[in-house]
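The values are calculated or read from the model by the stated rules, or taken from the named source; none is laboratory data. Note that the structure is a prediction, hence the values are computed from the model and not measured. Here the Cβ positions follow ideal geometry from the backbone for every residue, glycine too, while neighbour counts run over all protein chains shown.
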Amino acid sequence: MNGWLEVQRGDAPLVVSFPHTGTDLPSDIATRLASTWLARKDADWYVERLYAMALALGATTVRTTISRTVIDVNRDPSGASLYPGQATTELCPTCTFDGEPLYREGQAPLGADIAERRTRFFEPYHATLAAELERLRARHGRVVLYDAHSIRSRVPRLFDGELPHLNLGTNRGASCAPTLRHAIERACEDAHFSRVTDGRFVGGWTTRHYGCPEREVHAVQMELACRGYLDEPVAPGPDNWPPPFDPNRAAPLSAVLQRALTACLNFAYSATGVA
């Protein structure tokens, strides 16, 4: 296995993917960047720690340690926008969510460079994800892919106002069975946290590509607003972002997420009646 690709295998019919928690910047790319802090600014900070319970539940986890600035493994590899007409970032991002340039002048990735990153990082990540899903689907008859994310609560360039705490994406109902969607929604009902389904985020390329209910591969994306588990600064900067991870601060949201994963497992097991 590649050193940047972390896979922890379980036998339950659930795969939890972490495409954006990585912060590693290969040296051949880091020297071209305007700022290593900017290159890590939009990471899904600590999300793998929020879902630490996944392994105890028997789930398989797939995580890249590479920063999304290098290549975003949740974007269409063709370069097509997932949200036509709306601001987003590219397969190999050239700016942050706030529009700040990531590369020094003349150093942004172009065609051959992007193709090399696809071969080096994107393709192995998705070959592994696909293999794990097929392994578990063959064993259980049904499998759920849960794509785990987070983002700052306010990013004016990407969306208006403040994002709900829990943002479930099902590709507008196409990537999973309605029964699963409803089960996750019920699991996320909590007086302390707001939620929405298929709001600003309906699921990235991973959810859309793998979700195929007809084959009993059901995929969802969960985008968390960071304020649910971190104290977000008004203006993030190198001196205050990200804040340290506090397990006690994060515990209430992590409990909700455990219920969501359990709902996924119950749905997957219902195909065979095994619990």
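For the reader, a short list of remarks on this structure follows.
- Residues (in contact (Cβ under 8 Å) with a residue 24 or more places away in the chain, of a type in the set (Gly, Ala, Ser) and more than 17 Å from LEU257 (Cβ to Cβ)) located in region 154-192: GLY173, ALA174, SER175, ALA177
- Meets criteria (within 26 Å of ILE66 (Cα to Cα) and either touching an Asp or Glu at 6+ places or on another chain (Cβ under 9 Å) or of a type in the set (Asp, Glu) (or both)) for GLY173: no
- Residue match in region 210-221 (condition: over 22 Å from ARG142 (Cβ atoms), touching a Phe, Trp or Tyr at 6+ places or on another chain (Cβ under 8 Å) and of a type outside the set (D, E, K, R)): no
- Matching residues in region 133-184 - criterion: being in contact with a Lys or Arg (Cβ under 8 Å, 6 or more places away or on another chain), small (Gly, Ala, Ser) and under 30 Å from ALA235 (Cβ atoms): SER153, GLY161
- Residue match in region 77-85 (condition: over 23 Å from CYS212 (Cβ atoms), modelled with pLDDT under 95, of a type in the set (A, V, I, L, M) and over 17 Å from the mean Cα position of the chain (by Cα)): no
- In region 1-63, counting only helices (runs of 4 or more DSSP H) that sit wholly within it, the ones holding 3 or more residues that are among the aliphatic types (A, V, I, L, M) span 53-56.
- Odd one out for THR179 among (1) surrounded by fewer than 21 Cβ atoms within 10 Å (Cβ to Cβ); (2) touching an Asp or Glu at 6+ places or on another chain (Cβ under 6 Å): (2)
- Reported count of residues in region 121-170, each being assigned to a loop (DSSP other than H, G, I, E, B), among the polar types (S, T, N, Q) and within 20 Å of ARG186 (Cα to Cα), is 1.
- In region 241-268, the residue that is surrounded by the fewest Cβ atoms within 10 Å (Cβ to Cβ) out of those that are among the aromatic types (Phe, Trp, Tyr) and more than 11 Å from LEU14 (Cα to Cα) is PHE245.
- Qualifying positions in region 75-102 - closer than 30 Å to ASN248 by Cα and either crowded, with 23+ Cβ neighbours inside 10 Å or not acidic (Asp, Glu) (or both): THR96, PHE97
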